[in-house]
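Everything below concerns the one structure shown next.
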Amino acid sequence: MFNNISIQDPNTNLTERFDYNGLNQIVYRGTALPGTAETEPGWAIYKYDRDASMNVISKKMAVGELNNFSHIWANRASLEYV
């Protein structure tokens, strides 16, 4: 993954972080309170799956989520998603 980008959403006051694949398509999206480090719990993380044509076919949530900002952004590739 590359192009790890962080922005703050003015509508929710949450920091959003995105991770892209080699085709510049979003693979992971994380949200957390501003100031939450990538290496500490506090992230809600989602993974986007694509079909053979590279269209998004699903958005999966990291196991344990449900309005719970409990994951570590730096661990996103090793989390289980449903």
Which one is surrounded by the most Cβ atoms within 10 Å (Cβ to Cβ), of the residues in region 60-82 that are in contact (Cβ under 8 Å) with a residue 24 or more places away in the chain and not in a loop (DSSP other than H, G, I, E, B)? TRP73
Of the conditions (1) under 13 Å from the mean Cα position of the chain (by Cα); (2) surrounded by fewer than 12 Cβ atoms within 10 Å (Cβ to Cβ), SER53 satisfies every one except a single condition; which number is it? (1)
All-but-one check, ASP49 against (1) touching a Leu at 6+ places or on another chain (Cβ under 8 Å); (2) within 15 Å of PHE18 (Cα to Cα), failing number (1)
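Read-outs: derived from the displayed coordinates by stated rules, not from any lab. Quick caveat, the model's predicted, so the values are computed rather than measured. Heads up, the Cβs are rebuilt from the backbone with ideal geometry, glycines too, and the neighbour counts pull from every protein chain shown.
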